[in-house]
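Enquirer: The structure is given below, and queries will be raised subsequently.
The values are calculated or read from the model by the stated rules, or taken from the named source; none is laboratory data. What you see is a predicted model, and the numbers here were worked out from it, not measured in a lab. Positions of Cβ are generated from backbone atoms using ideal geometry, with glycine treated the same way; all protein chains shown enter the neighbour counts. Accessible surface is based on the protein model in full, side chains and every heavy atom, while ligands, DNA and RNA are left aside. Shrake-Rupley method; radii C 1.70, N 1.55, O 1.52, S 1.80 Å.
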Amino acid sequence: MTTDERRAGVDLTNLDQPLSPEAGATKRDLIDYLDAVADRLLPVLAGRALTVLRALRGQAPFMQKNAPKYAPAWVRTVPVWAEASKREVHYAVCDDLRTLLWLANQRAVEYHPSLGLADNPRRPTHLVLDLDPPADDDFTAVVPVAHVVRQALADAGLSGSVKTSGAKGIHVFVPVDGTAAADDVAAATRALAARAEKLDPKRATTAFVVADRAGKVFVDSTRAGGATVVAAYSPRLRPGLPVSFPLAWSDLDSVCPGDFTIHTAIDALAGRDPWAEHMPHPQRLPDDLIEQGRAIPIARVAAMHEGKRRARARRDAPDA
């Protein structure tokens, strides 16, 4: 293995290789971008269990939770019990530029931190609503629903920040003060999604099953608990390598996700850190919001039960 370059104590290799056939970027492009935004990205990643999407040559991209055993000793890891798989997962924690560049050299393209800090994972620092359009290229449908979500937040005495997902939708982040446990934050998320749907039922839906959405924007309340959400400023492994880009609410109507890629985002930032600038102070979640959400079924669980009910109905139906 030949070292092409050395930065922050990290040997960088094969820098001129493409990341993927569709990315339109090399590994050098990725590392240059992450190096340039590190002062903005690292505060979003620091102290959190990190899942990355890696794009290795000759392999399908994959999400990596466990830090590889060959990681240098200076890459901090944190053990987290995974209830679903009944095992301990050792996540990397990206606290510094050296770790970020090492991950990038491993062809880690996307960065998905946990919503809670590694030392207190059951106390999320943010509530998140993920808005998905009815079609991949229909970002214009998501924008008015984002404004509806903002209204639902304001009606509850809350405020949040917004960013493109870097894919096809929008993420709304609400910083919370740590007094609510993960289950209560999840309940409040469900309540806010339901309130947004009620404010504009012609555009917004909380239907988890795609076939039930009737061409509406999905207000996804499932980014809670142990879920991760792609970080602000993280690239996405999609054509052109777009970036999850923070915006002012007033800018939503005049942009599209393709405006922000690893090739254009630095100029668009113009030396600013809009994610830090626009993020409100941590807020206490209202008790009535949590109570309302406790009565709303978890979307994935409700969808699973509904799927079983429909399957039974089909089996029991008489032959046509």
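Enquirer: Within the range 253-276, is there a residue that is at pLDDT below 95 and in contact with a Pro (Cβ under 7 Å, 6 or more places away or on another chain)?
Expert: yes
Enquirer: A follow-up question, please. Within the range 171-290, considering only helices (runs of 4 or more DSSP H) that don't extend past its boundaries, which have at least 1 residues that are out of contact with any helix residue (DSSP H, G or I) (no Cβ under 8 Å at 6 or more places or on another chain) and under 30 Å from P121 (Cβ atoms)?
Expert: By residue number, 182-199, 274-278.
Enquirer: Moving on to the next point. Test L285 against the criterion of being surrounded by 19 or more Cβ atoms within 10 Å (Cβ to Cβ), over 16 Å from the mean Cα position of the chain (by Cα) and either of a type in the set (V, I, T) or at pLDDT 90 or above (or both), and give yes or no.
Expert: yes
Enquirer: More than 27 Å from G169 (Cβ to Cβ), modelled with pLDDT of 95 or more and open to solvent by 60 Å² or more (accessible area, probe 1.4 Å), is that true of T77?
Expert: When the stated conditions are applied, T77 passes them.
Every residue, every condition in (1) aliphatic (A, V, I, L, M); (2) at pLDDT below 95; (3) surrounded by 21 or more Cβ atoms within 10 Å (Cβ to Cβ), yes or no:
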position	(1), (2), (3)
P175	no, no, no
V185	yes, no, yes
A193	yes, no, yes
P201	no, no, no
R236	no, no, yes
G240	no, yes, no
V243	yes, no, yes
P246	no, no, yes
S250	no, no, no
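Enquirer: Any residue at all in the range 59-74 that is under 26 Å from F245 (Cα atoms), aromatic (F, W, Y) and exposed (fewer than 12 other Cβ atoms within 10 Å of the Cβ)?
Expert: Checked against the condition, which is being under 26 Å from F245 (Cα atoms), aromatic (F, W, Y) and exposed (fewer than 12 other Cβ atoms within 10 Å of the Cβ), the range 59-74 yields at least one hit.
Enquirer: Residue check, E88 against (1) part of a loop (DSSP other than H, G, I, E, B); (2) of a type in the set (D, E, K, R); (3) closer than 20 Å to G225 by Cβ, all met but one. Which one?
Expert: The number of the failed condition is (1).
Enquirer: Go through R98, R107 for me and flag whichever is more than 25 Å from D177 (Cα to Cα), modelled with pLDDT of 95 or more, open to solvent by 60 Å² or more (accessible area, probe 1.4 Å) and in contact with a strand residue (DSSP E or B) (Cβ under 8 Å, 6 or more places away or on another chain).
Expert: When all the criteria are applied, what remains is R98.
Enquirer: Kindly evaluate T140 against the criterion of being in contact with a strand residue (DSSP E or B) (Cβ under 8 Å, 6 or more places away or on another chain) and either surrounded by fewer than 16 Cβ atoms within 10 Å (Cβ to Cβ) or of a type in the set (V, I, T) (or both).
Expert: When the stated conditions are applied, T140 does not pass them.
Enquirer: Still on this structure: What residue, of A36, A8, is on the phi < 0 side of the Ramachandran plot and of a type in the set (G, A, S)?
Expert: A36
Enquirer: With respect to D29, is the statement that it is in contact (Cβ under 8 Å) with a residue 40 or more places away in the chain, crowded, with 20+ Cβ neighbours inside 10 Å and acidic (D, E) true?
Expert: yes
Enquirer: Would you point out which residue out of L34, L41, L45, L12 is modelled with pLDDT of 95 or more, over 22 Å from the mean Cα position of the chain (by Cα) and not basic (K, R)?
Expert: L12
Enquirer: Within the range 1-13, work out how many residues are open to solvent by 60 Å² or more (accessible area, probe 1.4 Å) and under 16 Å from R54 (Cα atoms).
Expert: Total meeting the criteria: 0.
Enquirer: Could you list, in sequence order, all residues of the range 5-26 that are touching a residue at least 12 places away in the same chain (Cβ under 8 Å), in contact with a strand residue (DSSP E or B) (Cβ under 9 Å, 6 or more places away or on another chain), not polar (S, T, N, Q) and not in a loop (DSSP other than H, G, I, E, B)?
Expert: Answer for the range 5-26, where residues must be touching a residue at least 12 places away in the same chain (Cβ under 8 Å), in contact with a strand residue (DSSP E or B) (Cβ under 9 Å, 6 or more places away or on another chain), not polar (S, T, N, Q) and not in a loop (DSSP other than H, G, I, E, B): D11, L12.
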